[in-house]
1. For a footprinting-style exposure proxy, rank Cys56, Cys164 by other Cβ within 10 Å, fewest first.
2. For the stretch 56-88, which trypsin sites (Lys or Arg not before Pro) pass both filters: DSSP loop (anything but H, G, I, E, B) and at most 16 other C-beta atoms within 10 Å?
3. Which ³J(HN,Hα) values in Hz, rounded to whole numbers, follow from the phi angles of the stretch 71-77 under the Karplus curve 6.51 cos²θ - 1.76 cosθ + 1.60, where θ = phi - 60° and Gly and Pro get x?
4. Along the stretch 56-64, what does the Karplus equation 6.51 cos²θ - 1.76 cosθ + 1.60 (θ = phi - 60°) give for ³J(HN,Hα), rounded to whole Hz, x for Gly and Pro?
5. Report the dimensions of the stretch 9-83 along its three principal axes from the alpha-carbon atoms, largest first, rounded to Å.
6. For Thr76, which sequence-distant residues (separation of 5 or more, or a different chain) have an amide H within less than 5 Å of its own amide H, given hydrogens modelled in the peptide plane?
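Since every read-out is calculated from the coordinates, none of them should be taken as a lab result. All values derive from a computational prediction rather than experimental measurement. As a convention, Cβ positions derive from the backbone with ideal geometry for all residues, glycine included, and neighbour counts pool all protein chains shown.
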Amino acid sequence: MEDKITLDRESFRTLASDTRVSILKSLDRRRKMLTELSKELKMSPSTVKEHMDNLCAAGLTVQMDDGHKWKYYELTAKGKNILHPGETRIWVILSVSAIAFVGIFYDMMSRGSQNALMAAREAAPVLTAPGGAGAADKAASAAQALPVYHIIGLAITAVAMGSCMAYLALIRKRCF
């Protein structure tokens, strides 16, 4: 299922210009000043300013005025969603996978240390009795044994995280 992008009439008219689409792609890399955009597009600053006014009116860009001499333009969330419609879903999957990975790893480590403590308590009296070496080996192997579901969970979350990161890298490479 693909993400749907709903455009109002103003946004649709704004995106009908190739120059404005080029500006959006340029601002996707980083925020820029009007002079930077005019040099990059090889257009006069007044022409670029007119395009920027249209993009701002459509809600695709915003002019950042932080009290300094320079005014920067950057994409709004709406502008970013037009350029990367599926990226939000990928970030959610990546975040959930990372949290699951950390949780499974923590549970695995805490269970492993609990198993080691229990095995050490059980093996301590047996070590003094004859044949204690076999009991100590059994206790050590029980401490190192981890449930299979931990390993499967780590593998699945690692694959999900790797797939998401590869997808994001591919999108970023395609943009530049």
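1. So the residues, fewest neighbours to most, are Cys56, Cys164.
2. Lys69, Lys71
3. 10, 9, 10, 9, 6, 8, 4
4. Residue by residue, the stretch 56-64 yields 5, 5, 7, x, 8, 9, 9, 8, 9 Hz.
5. 34, 25, 20 Å, listed from the longest principal axis down.
6. Close amide H contacts, sequence-distant or interchain: Thr61, Val62.
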